[in-house]
Every structure is written in C-alpha cells, then in structure tokens.
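Peer 1: One structure, as structure tokens, below. Some questions next.
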Amino acid sequence: MQRKRAGERNKKSRNVVRASVSLQADLYRTLEALARQKKVSTAWVLRDAAEKYVADQWPLLGRTTP
C-alpha cells in the first residue's frame, strides 16, 4: 500500500471543515459512552447528531453531505 504525500488530500476531504466546540463534561462523557456502544468515534457520533439535527430543522433541504 502506498502512502500519500504530505499535504495530498482526496476529493472528499476538500469539503471538510474542522470545528472546535466546548461541551459540558457530563454531555461529553455521554457521547463517549454512545460511541463505545456503537463502536465508532466520538467525532462520528457528533457528526451524526448534527446531520440529524439539521435534517429535523430543515427537512425540505435534504441531506447536505453524501
């Protein structure tokens, strides 16, 4: 398997924005527990929750990410 050169990104990652949020400690622990149960990362749980929140708020817009 070949390694990608430093700075080389695939097309999908070009549309990704890194965000930093502050959460209450107990909420973060709950998110971590959910992630462990689902065997995914805490970041995945947060992204999933954000997508569901947006879909709930604006159902006619549809999903904005593939």
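Peer 1: Out of ARG29, ARG5, ARG36, which single residue is outside any helix (DSSP H, G or I) and either more than 18 Å from GLU51 (Cα to Cα) or at pLDDT 90 or above (or both)?
Peer 2: Numbers: ARG29 fails: outside any helix (DSSP H, G or I); ARG36 fails: outside any helix (DSSP H, G or I).
After ruling out the rest, the residue left standing is ARG5.
Peer 1: Please tell me if SER13 is modelled with pLDDT under 90 and of a type in the set (S, T, N, Q).
Peer 2: Considered against the rule, which asks whether it is modelled with pLDDT under 90 and of a type in the set (S, T, N, Q), SER13 comes out as yes.
The values are calculated or read from the model by the stated rules, or taken from the named source; none is laboratory data. Bear in mind the structure is a predicted one, so any value in this text is a computation, not a measurement.
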